[in-house]
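Here is the structure we will look at, set down as structure tokens.
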There are 4 protein chains.
Amino acid sequence: MTEQARPTSAAPWRARLHEIVFEADTPEGRAFDVTLVVLILAAVVTAMLESVRSLPAAVHDGLVVAEWIFTALFTIEYGLRLLSVQRPLRYATSFFGVVDLLAVLPTYLSLLFPGSQSLLVIRALRLLRIFRILKLAHFLSEAQALRRALLQSRAKITVFLATVLIAVTIVGAAMYLIEGPEHGFTSVPMATYWAIVTMTTVGYGDISPGTAAGKLLASLLMVLGYSLIIVPTGIVSAEMAQQAMRRPISTQACPSCSREGHDADARHCKWCGAAL
Amino acid sequence: MTEQARPTSAAPWRARLHEIVFEADTPEGRAFDVTLVVLILAAVVTAMLESVRSLPAAVHDGLVVAEWIFTALFTIEYGLRLLSVQRPLRYATSFFGVVDLLAVLPTYLSLLFPGSQSLLVIRALRLLRIFRILKLAHFLSEAQALRRALLQSRAKITVFLATVLIAVTIVGAAMYLIEGPEHGFTSVPMATYWAIVTMTTVGYGDISPGTAAGKLLASLLMVLGYSLIIVPTGIVSAEMAQQAMRRPISTQACPSCSREGHDADARHCKWCGAAL
Amino acid sequence: MTEQARPTSAAPWRARLHEIVFEADTPEGRAFDVTLVVLILAAVVTAMLESVRSLPAAVHDGLVVAEWIFTALFTIEYGLRLLSVQRPLRYATSFFGVVDLLAVLPTYLSLLFPGSQSLLVIRALRLLRIFRILKLAHFLSEAQALRRALLQSRAKITVFLATVLIAVTIVGAAMYLIEGPEHGFTSVPMATYWAIVTMTTVGYGDISPGTAAGKLLASLLMVLGYSLIIVPTGIVSAEMAQQAMRRPISTQACPSCSREGHDADARHCKWCGAAL
Amino acid sequence: MTEQARPTSAAPWRARLHEIVFEADTPEGRAFDVTLVVLILAAVVTAMLESVRSLPAAVHDGLVVAEWIFTALFTIEYGLRLLSVQRPLRYATSFFGVVDLLAVLPTYLSLLFPGSQSLLVIRALRLLRIFRILKLAHFLSEAQALRRALLQSRAKITVFLATVLIAVTIVGAAMYLIEGPEHGFTSVPMATYWAIVTMTTVGYGDISPGTAAGKLLASLLMVLGYSLIIVPTGIVSAEMAQQAMRRPISTQACPSCSREGHDADARHCKWCGAAL
């Protein structure tokens, strides 16, 4: 965030607060972030353990108390974040703003509707903040390289996913006709669920083919699923390799025709022939 | 399809109809395709839900009615397609022509043979039309890049699949001898089915080895299946990387300095600046 | 096989027989090979079906008769192969020679020891001959590219497999201590078998952890196995990519110092500076 | 280890012992290492079999005796290693020093605490020594190439693992709310365990969704897990390809024609022939 976006003239305390709460460059900011991530981790584990019914009552009561302490701390943190930014509404409607709110809301709602605490696990999303601490810029650029590779491959991935979905629907319908309800294939949606379980090589075994024809079709689907994973693998590999190995291209523009995209070793513009 | 292939002089209404029904470039054509894809999706879900027996009778009756409405609409669409093309037989025998017919036939057949509605899920194949809508040319070229990579690797893939099939047959026969019918390996085909389930890492668990020797052989097959997936992955990766990184380079030599290696779109020698 | 290796002067009928039985270049040789592969496929399916106990007696008797016919034909073929080569012992001890013998032996042995027919599935190995028919040279070069890539990566693959084996042994022992016999982990070898089933993502479910600590350790092993598959994938991919993308190197030797390995675009020897 | 680090003047017998016990270059050293690896393998198998309860008492007693013999031999070996190095403490606190101690300790401890023998499987770690025998330098460089590729990708791998962990936590909590204890999802940690089993495509089937909504969410998680494996695959592939294809190129410019891009081992400019 540049100085233009956050004029310090208006309120120096706000700029200082912003630096601590939102940035991780200063020692205070880093300490704040580390504390926060530890708190989030503890809060997620607390929310998960709270659902375990076999724990003794004393432990469960302790977890409930911890829950309220975490919620209080996160509520204060949410307030500080709202205070420290120039435009609170913009933060409140951003991705992390919504997540920060959802992280405290369920505890208060649980006073009205019991059972909603389980939603507290949404706090896990806040762990994404962890990347801010560990060499911020470095990690974010990695994540962006990933995102860019995925974006460039999205057409191929769509083709792949559509193929998978069409295949499991067709095979599901065929298995419903072959196996029938007596082997657990009680409907086409159920058979399609089985086809997904099989094609992704998960294979629970809660439903499995009982007839010879069904086993033959299942075998074909397994080999298809086992082999198909190659295709997207190859796709993304190629995209990433392409990005990593891109032939060096000069950023120099031609002084005569102003076109760019020359090779790093070019001495003349390949478009108009002017010397570079 | 170029103007030569579809002369508008013969019947302007047919050219217009063709543009709407088969193309996605005009607003009307795009609207037609979007409506069609939504209808197909709804029809597939309807056909799937119809097989769920636990639904109340009223819902089931509604689904049957919806089924007939979809079939009527698709029949009309099939007629329009036949009308709009110059050579109806050629369309009727094409891939999409056959799929379009199969998408309506089962409903009519169900009057004669009850139960054939389940085949309606073949309508899912029509969803392949979806690629026409979303940036047609782009998606098709992606699909073709995939197909080309697969075609170039087909020799290696054949070697891979043959190796897998021979391995599961041999291991299946060995497991039948080792485990025998008392552990579920009732015949060699059954044991081969188990070997496929194991080697593809699906692992239902409906049959699993009971003796120490059987578990040892199963462990070897698992590690083989776990490692073998590398080979085709590497193959297709390499093919795609090769295609992606092949930047078009002209074979033209510079008339002035005789150097080669110019980009396909270069108009001047990048070394001496002479016109190519 | 060159003329030097198989002098036709000695016995023209042998050379002719060799061409039919061992080669696939002449129409007769190709017809012989296609017939053979069809026979092998039929014989493998026969041997597999023979083990299915639920077949009616008449079908089973038919299969036994077919079995003897296939064995007679393969015995004649084995004799022809021995006759057609100059050095029968060399063929008899080669890979295919042994497989050809093993393909007929079990049927004769079954007269002495009933049950040995199941070994007939070893005939599946003969299917490797199929590659001779379909564009022989092309397929073999593909298989060799695969073999070369695997050979070059064998050091990395050994490191990978050793890591997997050591990991499953350690985790197996730990799970035996954590879970104990009451959850099916009756011994360290049994727990190691479970660890292999889990790490390779097969997951039968015949044994699965019952305690919280066991489930935690199992989760770690699953994530490790799920992630580890990346490493060999990357290895072989890189090897194959390297082979496919090798930078063009001239085969020209320096006229002055006779060293090779110059770039395709080099004009002077990079070792001694002499003009190429 | 260079001569500076291990002065032979101090104690020639120690240098000689060191060469046998720690190196694999001399015939004696190699013989020592091969013997050791065979002993370790036998000891690991012994420790594993000892836990099998169904073995007859005589065999079990034999295994216990073998156990003590192996422990005695490894104790002597540990002593020799301590003797042969200049700084015993440094060896004792190194990775292999600790492993060597842990390999003998449990047997002695079993006199005090019965059951601790199972820890003997930690001896498997000593098998890592095997790499010293088989072309030492070659294998270690391979392992280092692997380690370097993993290290360079560690940022991307962290992003990937964090995404997986956050996904299974969220889906686990959602499944606990959807399915509830009646289908085996007794708590959020249990549901998270199920999500890991599903996302890694292991799929035991000890817990599986029972409701339609649960099956839908499970299907999404399976397809996600099935597709996600692409991402790290692509990452590491790209890293390894990058390393493999980086042919060392000198940054030196030709003193005569000033062109760059020479190989690191070039002694003359490949363009004009001038000495570099």
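The values are calculated or read from the model by the stated rules, or taken from the named source; none is laboratory data. Worth saying up front: this structure is predicted, and the values here are computed from it rather than measured. Don't worry about glycine lacking a Cβ; one is built from the backbone with ideal geometry, like all the others, and counts go over all protein chains shown. Surface accessibility is based on the protein's heavy atoms, side chains included, excluding ligands, DNA and RNA. Shrake-Rupley method; radii C 1.70, N 1.55, O 1.52, S 1.80 Å.
Laid out as a table, the results:
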{"quantity": "In order through the range D:215-224: 3J(HN,Hα) via Karplus (6.51 cos²θ - 1.76 cosθ + 1.60), integer Hz, x for Gly, Pro", "calculated": "5, 5, 5, 4, 4, 4, 5, 5, 5, 4"}
{"quantity": "Equivalent ellipsoid semi-axes, the range D:163-227, via Cα gyration tensor eigenvalues times 5, rooted, Å", "calculated": "16, 12, 11"}
{"quantity": "Translational diffusion of the range A:7-135, µm² s⁻¹ [Kirkwood Rh, Cα pairs; Stokes-Einstein; 37 °C; 0.692 mPa s]", "calculated": "209 µm²/s"}
{"quantity": "Whole-Å distance, taken between Cα centres, linking the range A:30-48 and the range D:7-53", "calculated": "48 Å"}
{"quantity": "For B:165-177, mean number of other protein chain Cβ atoms within 10 Å", "calculated": "5"}
{"quantity": "Surface accessible to a 1.4 Å probe, A:K215 within the full protein complex, Å²", "calculated": "30 Å²"}
{"quantity": "Efficiency of FRET between D:R30 and A:L55 - r from beta-carbon atoms, R0 56 angstrom, step 0.05", "calculated": "0.45"}
{"quantity": "Karplus-derived HN-Hα couplings along the range D:182-190 (A = 6.51, B = -1.76, C = 1.60, θ = phi - 60°), whole Hz, x at Gly and Pro", "calculated": "5, 9, x, 8, 6, 7, 5, x, 4"}
{"quantity": "Virtual spin-label span in nm between D:V45 and C:F95, 7 Å along Cα→Cβ", "calculated": "2.8 nm"}
{"quantity": "Sites A:L151 and A:A15 - FRET efficiency at Förster radius 45 Å, r taken between beta-carbons, to 0.05", "calculated": "0.80"}
{"quantity": "Most to least accessible of C:D206, D:D61 (protein chains only, probe 1.4 Å)", "calculated": "D:D61, C:D206"}
{"quantity": "At q = 0.15, 0.28 Å⁻¹, base-10 log of I(q)/I(0) for the range A:25-97 (Debye sum, equal scatterers on each alpha carbon)", "calculated": "-0.65, -1.24"}
